[in-house]
Protein chains: 2
Amino acid sequence: MSARVGVEEHAAFVRSLLSGLGARPTERVAVADALGRITASPVESPIALPPFRNSQMDGFAVRAADVAAAADGPVVLPISGEVAAAPGLPEPLAPGTAVRIMTGAQVPEGADAVVPVEDTEAVVGDSDSVRVLAPRAPGAFVRDAGSDLAAGDDVLPPGLKLGSRHLAAAAASGLTELLVRERVRVAVVSTGSELVSPGAELGAGEIPDANGVALASAVRAAGAVVVFEARVRDDVDRLRAELDAARDAGAELVVTSGGISKGAYEVVRELLEPLGAWVGSVAMQPGGPQAAAAYRGMPVIGFPGNPVSAQLSFELFVAPTLRAIAGLPAASVDRLELAEPLVSVAGRRQYLRGRRDEAGRAVVVGGPGSHLVAALAASDLLLVVPEDVTALGAGELVDVVAL
Amino acid sequence: MSARVGVEEHAAFVRSLLSGLGARPTERVAVADALGRITASPVESPIALPPFRNSQMDGFAVRAADVAAAADGPVVLPISGEVAAAPGLPEPLAPGTAVRIMTGAQVPEGADAVVPVEDTEAVVGDSDSVRVLAPRAPGAFVRDAGSDLAAGDDVLPPGLKLGSRHLAAAAASGLTELLVRERVRVAVVSTGSELVSPGAELGAGEIPDANGVALASAVRAAGAVVVFEARVRDDVDRLRAELDAARDAGAELVVTSGGISKGAYEVVRELLEPLGAWVGSVAMQPGGPQAAAAYRGMPVIGFPGNPVSAQLSFELFVAPTLRAIAGLPAASVDRLELAEPLVSVAGRRQYLRGRRDEAGRAVVVGGPGSHLVAALAASDLLLVVPEDVTALGAGELVDVVAL
């Protein structure tokens, strides 16, 4: 048995195995389906925004010169037409007249200002005229074509995580598709002859496979996609077949649970160690046994079979890379006072499950056992106790990572 | 024209119209599909966790009494069998013997402790025996059935937003489905005769409909689902037909854009005002015109047609309710120094688009115009200038809301 490696050392090794995932292939997706995706290139607008000169207000399009005298008193202009926000080209404005105009409607040729309806009055007995109460400078309440963006300008930068406002700008530019980075395609393989499908009748010695659901949903929460899921009994040939099938399904990364410890039936170890995998012990609790390999060029990261260890190992070693690729924030780290004293094991970094109490202090939930899946579910943070710390008193500060 | 109402007053009115959405119907979804959903009831585990007494380590299951003498020197025990983590019931342990056991395997009847393999040695020349180097107290490295959770106990509370660790605990409990709250079903209706599908050839006076994509993706980002989308020209009968169709599609809420201003073709106003809708002006910029109604019992919240106004109005008036129902955090609010002076309009709360510069100060992006969709896309925060503030100097503090 080899000596234990440090948490950071193993994390760096896994990161290096996953480094190839960073250069993402690209794909075109409909703008309407692109929420949360990341642009793969600058996005040019094929049209100017706005595409034509239009009115910022409901009111009257005029020549500014024709209403300049309104500075000294109301000016009455005949209404020569009406322009709505609608298809078609409006007639040019006849000098000395006003055209009723709606917000967003094209400003007719010849007009260079809009008088908002609030600055006008009806002319009693003459519905074909309007009384303009205030002058407007040329350009007033007129949105010029291209004042937001010129045709050919970039409307979105590359590497942008797309929110609704970005999709709105793409749609306003008349775009229907965006070139985005593909999401990382992950396979999840649970190993263990004792595992059955959740919901299946349990025979003696059988347990529901929690790791399949746990890792698949953790992969999705980290912004990647699950392209392959399998559960295999402790049979090296079956595992090999499933890894081949995962590769055929386009997986770029496989995460496995179980089969890497020092027992007699360690299927992941048996298959991958002869192929050069590192299978060993990391100085952490839970989650000591870990494995990392490349299988036919595809990284395979192996976690222990205990569901708590498997979940924690994924969060520590794989999730940070996937989250970074997906543009998701890293897990938030904080430092809280301990509500109660705790003890830890020398030489191992301990990740205790816990939560924040009403007083904002960290409380341990359940014990250190790696089988306590319900206790993990009742937790919302991990207390991180360093390798060289064996005891902490109530009130002492501890690093916590949000779950 | 009625007087302007305040932002808070309109927000409270919309909230009251949406209050019926809070009592969510429930639905059963597969555990594997429940990530991010919210439990509708306490979730009981039908089985104990763990379901049977099992080993915490690879090692040897023994009677603690048989290895007590190892405190004074190694004890050699004959190996009477082997138990793997696998289906089937192991033979009871014969007193005075040890059974080789794997992590997670059932501890045989008669055994009450596990000696980890690290605390044992092979007996040279006798592979049928094991040398135990240290005593173990009863219960050592044995995980009792139900030590995580008893059968019938709640494994998940109601009202919980499901993360992967919660789904793992549900799967470990053998559950295949969870009762969750239904997501809010929303219809998005864009109005305006000038609108065409993004990507369609633009004729004179036509613009791509950005509001449909903007509001639909904003609805999704707020944790609700879009069950109906439509775009209607300025035609009251068409709008009525689409609202009826939205209702038939199961929409619980409709958001509309356009048709609520004071122009001549205000289709939302024309349809809904006679039915009791409030259509008026809110003391804000952009987004002054607003509408809120119930149509056949279904709330209809109307936003202006300018894409920036529509998006901002959604975030201010509808998104907070949807996010709260979906268990998503509220938009984060901060207070930053202004990089440059700004002016605002008296009597209106102004929401300027901006971003945080390298020095962590707030910078305005684009101008106040509600047509600046590209500028909104380039922003990552809103600067909120109160109604009674008309100017702020560089270095003064301003409230900002993250986009």
Per residue, the convex hull enclosing the Cα atoms of segment B:283-385 spans a volume in Å³ of 115 Å³
Sorted on mean Cβ neighbours within 10 Å (highest first), peptides A:383-395, B:6-18, A:90-102 come out as A:90-102, B:6-18, A:383-395
Sorted on mean Cβ neighbours within 10 Å (highest first), peptides A:278-285, B:327-334, B:134-141 come out as A:278-285, B:134-141, B:327-334
For chain A, longest principal axis from Cα atoms; helix A:236-248 axis from its Cα atoms; angle between them, nearest 10 degrees, is 10 degrees
Across A:80-87, the residue-averaged tally of Cβ atoms belonging to other chains within 10 Å stands at 6
In degrees rounded to 10, the 0-90 angle between helix A:7-18 Cα long axis and the longest Cα principal axis of chain A is 60 degrees
What helix-only [θ] at 222 nm does chain A give? Using -39500 (n - 2.57) per DSSP H run of at least 4, over all residues, to the nearest 500, the answer is -5000 deg cm²/dmol
About its Cα centre, segment B:333-402 carries a charge dipole, from +1 on Lys and Arg Cβ atoms and -1 on Asp and Glu Cβ atoms, whose size in debye to the nearest 20 is 220 debye
Longest principal axis of chain A (C-alpha) makes with the long axis of helix A:210-221 (C-alpha) an angle, in degrees to the nearest 10, of 30 degrees
Checked segment B:5-60 with the C-alpha gyration tensor, a ≥ b ≥ c its square-rooted eigenvalues, rounded below a/c of 1.5, otherwise prolate if a/b is larger than b/c and oblate if not; verdict prolate
For the protein assembly as shown, the dipole about the Cα centre with charges only on Cβ (Lys and Arg +1, Asp and Glu -1), to the nearest 20 debye, works out at 60 debye
at residue A:391 the sorted inter-copy label distances (label 7 Å from Cα on Cβ side), in nanometres, are 6.6
Honestly segment B:344-403 on the Cα gyration tensor test (a ≥ b ≥ c root eigenvalues; a/c under 1.5 rounded, otherwise a/b vs b/c for prolate or oblate) is just oblate
Here the relative contact order (percent) of chain A, from C-alpha pairs under 8 Å and at least 6 apart, is 16 percent
Expressed in angstrom and rounded, the centroid-to-centroid distance over alpha carbons for segment B:164-203 and segment A:229-249 is 33 Å
Among the Cα-Cα pairs of segment B:138-271, the proportion with separation greater than 23 Å, in percent, is 54 percent
Expressed as a whole number, the average count of other chain Cβ atoms within 10 Å around the Cβ atoms of B:56-67 is 1
Computed ³J(HN,Hα) along segment A:120-129: with the Karplus parameters 6.51/-1.76/1.60, θ = phi - 60°, integer Hz and x for glycine or proline, the list is 10, 9, 6, 9, 4, x, 9, 6, 8, 10
Rounded to the nearest 5, the percent of antiparallel DSSP beta bridges in chain A equals 70 percent
Per GNM of chain B with C-alpha springs under 10 angstrom, the most fluctuating residue out of B:227, B:117, B:29 is B:117
As straight-line cross-link partners of residue A:161, the qualifying lysines (C-alpha separation under 30 Å, not fewer than 8 residues apart within one chain) are B:161
Ordering B:258-271, B:346-359, A:243-256 by per-residue average of other C-beta atoms within 10 angstrom, highest first, gives B:258-271, A:243-256, B:346-359
Relative contact order as a percentage, segment B:333-402, C-alpha pairs under 8 Å and 6+ apart, gives 48 percent
Note: B:199-205 gets an average of partner chain Cβ contacts (10 Å, Cβ to Cβ) equal to 6
Per the charge dipole of chain B (beta-carbon charges, Lys/Arg positive, Asp/Glu negative, Cα centre), the residue among B:308, B:219, B:264 reaching farthest to the positive end is B:264
Of the residues A:401, A:377, A:352, the Cα lying farthest along the dipole of segment A:333-402 towards its positive end, which is defined by charges on the beta carbon of Lys, Arg, Asp and Glu, belongs to A:377
In cubic angstrom per residue, the convex hull of the protein assembly as shown built on its Cα atoms measures 172 Å³
Given Cβ charges of +1 for Lys and Arg and -1 for Asp and Glu, the option among A:342, A:94, A:36 whose Cα lies farthest towards the positive end of the dipole of chain A is A:342
Residue-ordered couplings for segment B:320-327, obtained by feeding phi - 60° into the Karplus form 6.51 cos²θ - 1.76 cosθ + 1.60 and rounding to whole Hz (Gly and Pro as x), are x, 5, 5, 5, 5, 5, 7, x
Here the equivalent ellipsoid of chain A, derived from its Cα gyration tensor, has semi-axes (largest first, whole Å) of 66, 26, 17
Note on segment B:82-175: contact order normalised by length, alpha-carbon pairs under 8 Å, 6 or more apart, percent, works out to 19 percent
Taking segment A:54-143, the whole-percent share of alpha-carbon pairs separated by over 23 angstrom is 11 percent
So, in nm and shortest first, the distances from residue A:154 to its counterparts in the other copies, with label points 7 Å along Cα→Cβ, work out as 5.1
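Values quoted throughout were computed directly from the atomic coordinates according to the rules given, and no laboratory measurement underlies them. Since this is a predicted model, take the numbers as computed values, not measurements. Cβ sites come from the backbone with ideal geometry, for glycine too, and all protein chains shown count toward neighbours.
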